Amino acid sequence: MSLMSDCCTSRRVEAPNVAGSLGVFGVVDGTQIKIKAPSRNEQEYVGRKGGHTMNVQGIALADCSFSHVIAKYPGAAHDSRILRESKLYAALVEGRKQGLLLGDSAYSLTPFLMKPLPTCSHHRP
């Protein structure tokens, strides 16, 4: 087994322990999947990088599986909108689902979603 394999294996084992102890059940993100330009509502499918796409969002779980995969939004749909309109979001808001999600800066900070702190435009020594 290579050093890289050992490193990846140990991190995979440690991640559920750390995340679980903080109440984190998953990491949310969207990805742009290239598609052929549709004949209707073509502009809605132009993603942020310019090509025609679908925005597919899912939750990566600690066991390296996915849940709550949503593949129905055009490329112009914002990641935070997809989450806000999901059944998972409603369950979290209503308290039917407990725990925390980790997300990137595209998402809004909520009591159940942690995101990175904003970066400062200037640094002091």
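Just so it is clear, none of the values below were taken in a lab; they were calculated from the coordinates. No experiment lies behind these values; they were computed from the predicted model shown. Neighbour counts are summed over all protein chains in view; Cβ atoms, including those assigned to glycine, are modelled from backbone coordinates with ideal geometry.
When HIS52, HIS78 are sorted by how many other C-beta atoms sit within 10 angstrom of their C-beta, beginning with the fewest, the order is HIS78, HIS52. Counted by Cβ distance under 10 Å from ILE70, the other residues give a net charge of +1, where Lys and Arg count +1 and Asp and Glu count -1.
Amide H to amide H distances under 5 Å link LEU113 with LEU101, where only residues 5 or more positions off or on other chains count and H is placed in the peptide plane. Taking a point 7 Å out from the Cα of LYS97 in the direction of its Cβ, the residues of the range 66-87 whose backbone N falls within less than 16 Å of it are 66-72, 79-87. For LYS115, the lysines whose Cα falls under 28 Å of its own Cα, not counting residues fewer than eight places away in the same chain, are LYS34, LYS49, LYS72, LYS87, LYS97. Net length available on complete extension from GLU44 to ALA106 is 20.5 nm, with 0.36 nm assigned per residue and the Cα-Cα distance removed.
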